[in-house]
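Chemist: Below is one structure. I have some questions about it.
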Amino acid sequence: MRIARGAGVVLFLLLLAAVVLVAVELGKGAVGYGSETVANPCHSRSFTGSGIDATVQRVVLDGLDGAACQLGTSREALVLSLSRGRGFPHRHFDRRTVEKALRGGMLTALDRAEQRGDIPGFLAPLLRQAVQSFSLDQLLRGALGL
């Protein structure tokens, strides 16, 4: 009888803790969590950070935004659609259209990075040449593999 009563107390305390946890999370705004709108890729955004890693991330994200804007989709939808076995949600773009948009977005991103001084002038032409000559699969492995 004592064990059953102890188990009942433990169960009650666990349920009470769950109710308190839910109340605290709701009080902190959990109702609105995940309801943010997806950013418009056609509006410029600033990506913070310093160093080589931050520069690479800034260029890649800026390039993906440019491609998504050209395709009329979000950056998130574009990235998800690029994974193997998935198609563009609600859109039907052929491989050539996607490749053209990605190249254009990456080239524009490199131009912006050079203008900001993130990429040295001697390196920018080499990076542009790489973007222009690599296949779509090579670009994706490099950009999305970061």
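Chemist: Restricted to the stretch 110-123, and to residues that are farther than 15 Å from residue 134 by Cβ and in a helix (DSSP H, G or I), which residue is modelled with the lowest pLDDT?
Modeler: The qualifying residue modelled with the lowest pLDDT is 116.
Chemist: So, one more: Condition check: modelled with pLDDT under 80 and in the same structural domain as residue 139 (by TED's automatic domain parsing). Does residue 107 satisfy that?
Modeler: For residue 107, the condition - modelled with pLDDT under 80 and in the same structural domain as residue 139 (by TED's automatic domain parsing) - is not met.
Chemist: Which one is surrounded by the fewest Cβ atoms within 10 Å (Cβ to Cβ) among residues in the stretch 45-60 that are free of Cβ contacts under 8 Å to residues at least 40 places away in the same chain and in contact with a helix residue (DSSP H, G or I) (Cβ under 8 Å, 6 or more places away or on another chain)?
Modeler: 48
Table: residues versus (1) closer than 15 Å to residue 41 by Cβ; (2) part of a loop (DSSP other than H, G, I, E, B); (3) at pLDDT 85 or above.
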residue: 60; (1), (2), (3): yes, no, yes
residue: 63; (1), (2), (3): yes, no, yes
residue: 77; (1), (2), (3): yes, no, no
residue: 81; (1), (2), (3): yes, no, no
residue: 85; (1), (2), (3): no, yes, no
residue: 88; (1), (2), (3): yes, yes, no
residue: 91; (1), (2), (3): yes, yes, no
residue: 96; (1), (2), (3): no, no, no
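The values are calculated or read from the model by the stated rules, or taken from the named source; none is laboratory data. Keep in mind that this is a model prediction, so the values were computed, not measured. Here Cβ is always computed from backbone atoms with ideal geometry, including for glycine, and neighbour counts include all displayed protein chains.
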